[in-house]
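Here is the structure we will look at, set down as structure tokens.
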Amino acid sequence: MVSYIGIQPNEVSISDNRLYISGFYGVKWPLDEITKVELVDTIPNIQVRTNGFA
């Protein structure tokens, strides 16, 4: 079951003045707390992983 959830694509949406990111470790952020958004070509290298699927 966990592996099935882990391979599902995450979804990003905005509703009720919040940014929602779905997934196993999904999050909700109030839009008024977001101060900067960047589009980057690569993601940062992961230095330490204490928990997670992949």
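The values are calculated or read from the model by the stated rules, or taken from the named source; none is laboratory data. Bear in mind the structure is a predicted one, so any value in this text is a computation, not a measurement. Heads up, the Cβs are rebuilt from the backbone with ideal geometry, glycines too, and the neighbour counts pull from every protein chain shown.
Please verify whether GLY52 is surrounded by 10 or more Cβ atoms within 10 Å (Cβ to Cβ) and at pLDDT below 85, treating the condition exactly as stated. So GLY52 fails the test.
The combined condition, being modelled with pLDDT of 90 or more and surrounded by 10 or more Cβ atoms within 10 Å (Cβ to Cβ), is not fulfilled by GLU33.
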